[in-house]
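Below: the structure, in structure tokens.
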Amino acid sequence: MVKDPGAQVRPHRLRPLAAPARVRVRTGEHGHPCAVLVEGVVRDVTSIQDRWRIDDEWWREAPVSRMYYQLQLEGDRVVTVYQDLPGGAWWMQRY
């Protein structure tokens, strides 16, 4: 049985966890990422490990449509970026 800690239960302010950040991406032929600006340094993409598309909330005024890429960058860093397809902006997903 879990012991009652005696602390009063109260609501806490909600905050997003690991919110995505805008990122600059250079694309090559076919629109796939070929370089990403990470911490002020342009890193070449050495491989695209995975890619997938998300289309959601189609019933809303602004539906979600994104193309995600899991990228291996030079220096063996792996990042996940996505392009907001309606607007064209690129974002880095943080975990």
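The values are calculated or read from the model by the stated rules, or taken from the named source; none is laboratory data. Fair warning: this is a prediction, and the values are worked out from it, not measured in the lab. Cβ sites come from the backbone with ideal geometry, for glycine too, and all protein chains shown count toward neighbours.
Scanning the range 27-47 for residues that are out of contact with any Leu (no Cβ under 8 Å at 6 or more places or on another chain) and either more than 16 Å from GLN83 (Cβ to Cβ) or outside any loop (DSSP other than H, G, I, E, B) (or both) yields THR27, GLU29, HIS30, GLY31, CYS34, ALA35, LEU37, GLU39, GLY40, VAL41, VAL42. Residue count for the range 58-75 satisfying the condition of being part of a loop (DSSP other than H, G, I, E, B) and farther than 16 Å from PRO33 by Cα: 7. The residue list VAL79, VAL42 contains one member that is among the hydrophobic types (A, V, I, L, M, F, W, C) and under 17 Å from GLN93 (Cα atoms), which is VAL79. The single condition from (1) surrounded by 15 or more Cβ atoms within 10 Å (Cβ to Cβ); (2) modelled with pLDDT under 90 that SER65 fails is (2). Looking at ASP4, ASP50, just one residue is outside any loop (DSSP other than H, G, I, E, B) and more than 13 Å from GLN83 (Cβ to Cβ), and that residue is ASP50.
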